[in-house]
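Chemist: My structure is below; once you've seen it, I'll send some questions.
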Amino acid sequence: MAEIFSFPEGIAPQTQDPEAQLPPRPRGVPDEVWRAVESVRAMRRLPGVRYREIPVPSTLADYGIGVALGIGADDASRTFSRPYSEENASGWIMLLYSRRPREEWGGRWRCVCFARMPLDSSENDGLAPSMYWEDMCDYLCDVEPDSVAGTVSVTQNTAFGSQGADTFAGCEIRVSYTPSIPPAHGFEPGGCVEAWAEFLKSTVRGEGESRVERTYA
């Protein structure tokens, strides 16, 4: 796990005095990283989205904040035969920091994201990967030009049993990008987590529900 653990599960966000409930700042943590911790903790959380901290492998960066996201039915309700359903989408985002700027990142920060979501039967064709990729890119905020890279995988699972065969499709996205950091304000990674949650939630829509639109400050 990277050296920062600072998205404590169970602590309410957006309090009057967020400093009062933060864990003690570990020795040696750069100011920029600690500000990122505060940003993630104080970020807006979407209704219907579950958030929890996940470890960041120390091999990826000197510091990191990892947040897992779930939308729809609880993870425990999924079955082997039907890992994708109209009620489920999940994923995670890791915010990585290197003490020394990395040439391959174009800076000290890098965002790495993963999403798993249902795929409507009408969209299960050769256009699905590009469609999901373009939709995902619309949700990313403050991104350095030409820094976005990743893959889209369309998966298909067929369940067998007494009721006959039934096929379910899903889509998985893996993406990384370098955030654009305004000189006046610094990096606000809470906005990156918000954007990824908005994208995930947009892929799960019940009957009559509209697409979740990006919210700009």
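Chemist: When the solvent-accessible surface of protein heavy atoms is calculated with a 1.4 angstrom probe, in what order do Arg52, Arg100 fall, highest first?
Modeler: Descending order: Arg100, Arg52.
Chemist: Say each of Ser153 and Ala42 gets a label point 7 Å from the Cα, pointing the same way as Cα to Cβ; how far apart are those two points in nm?
Modeler: So the label points at Ser153 and Ala42 sit 3.9 nm apart.
Chemist: Same structure again: Amide H neighbours of Gly107 under 5 Å, counting only residues 5+ apart in sequence or on other chains, H built in-plane at 1.01 Å?
Modeler: Counting only residues 5 or more places away or on other chains, the set is Arg102.
Chemist: Moving to a separate point now. Between Arg52 and residues 5 or more places away or on another chain, which pairs have amide H atoms under 5 Å apart, with H built 1.01 Å from N, and which residues are they?
Modeler: Counting only residues 5 or more places away or on other chains, the set is Ala68.
Chemist: Ok, one more. Per residue of the range 56-70, in order, report the coupling 6.51 cos²θ - 1.76 cosθ + 1.60 (Karplus, θ = phi - 60°) as ³J(HN,Hα) in whole Hz, putting x for Gly and Pro.
Modeler: With coefficients 6.51, -1.76 and 1.60, one gets 10, x, 5, 6, 7, 6, 6, 9, x, 10, x, 10, 8, 10, x Hz.
Chemist: Based on the Cβ-Cβ distance of Arg99 and Cys137, what FRET efficiency does E = 1/(1 + (r/R0)^6) give at R0 = 25 Å, to the nearest 0.05?
Modeler: Values: r = 29 Å, r/R0 = 1.18.
That pair, Arg99 with Cys137, gives E of 0.30.
Chemist: Additional query: Could you pull the Rg and Dmax for the range 98-157, using just the Cα atoms, both in Å?
Modeler: So, for the range 98-157, Rg and Dmax equal 14.8, 47 Å respectively.
The values are calculated or read from the model by the stated rules, or taken from the named source; none is laboratory data. This structure is a prediction, so every number in the text was calculated from the model and none was measured. Cβ sites come from the backbone with ideal geometry, for glycine too, and all protein chains shown count toward neighbours. Note: areas computed on protein heavy atoms with side chains; ligands, DNA, RNA excluded. Shrake-Rupley method; radii C 1.70, N 1.55, O 1.52, S 1.80 Å.
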